[in-house]
1. Quick check on my filter: what residues within region 64-101 are closer than 30 Å to residue 135 by Cα and crowded, with 17+ Cβ neighbours inside 10 Å?
2. What strands (runs of 3 or more DSSP E) lie completely within region 1-117 and have 1 or more residues being modelled with pLDDT under 75?
3. Tally up the residues in region 32-82 that are touching a helix residue (DSSP H, G or I) at 6+ places or on another chain (Cβ under 6 Å), touching a residue at least 24 places away in the same chain (Cβ under 8 Å) and closer than 16 Å to residue 121 by Cα, please.
C-alpha cells in the first residue's frame, strides 16, 4: 500500500478533483524517508555513546542520560545529542582521587568516537589526576624529609 501526501486543491463538476500530488512517504527513495533513516541511525549512535560513559561501577552517575531530540518528518522524536553527568567530587585521599580521575578518563574515552565534550572531560580528569599525583609526591617527600625524632638533641655512640 502506497501512502502519499495528496491534497485536494479543487473540485470540478461531477466526481473530478484537482489534486496536488504529494511525495510517497513509504517510498524508500523519498527525501523524507532518507531523513528518517538518517535520524534513526543517529538516534542509535547517540544512545549507545551516552550509555558507554556510565559503565564504570566506580563512578557515580547523577541522573539518567539526557538527550537532545530532533522531530523527524514522521513526527517522531530522535536523539541527536546527549550527555551523562558523572560525579566529579573530590575524594578524601589523594589515592582515591587518583583512582577516580583514572575512572573518569576511561569514561570520557569509552565511546569509539569521542566528542569535543568528551575531550573536555578527559582534560578535567587529567588535571584531577595530576593534582592527586602532586599531592602524593608532596606527602611522600614530607615523610622522607621529616626529622626522625622530635625534642632534645641526643648523641649516638657506636
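The values are calculated or read from the model by the stated rules, or taken from the named source; none is laboratory data. Keep in mind the model is a prediction, meaning the values are calculated, not measured. Reconstructed Cβ throughout: ideal geometry from the backbone, glycine too, with neighbour counts over all protein chains shown.
1. Result: 84, 86, 94, 97, 98, 100, 101.
2. Details: elements: 7-11, 17-20, 66-71, 77-83.
Where strands (runs of 3 or more DSSP E) fall fully within region 1-117 and carry at least 1 residues being modelled with pLDDT under 75, they are 7-11, 17-20.
3. Going through region 32-82 one residue at a time, the tally reaches 4.
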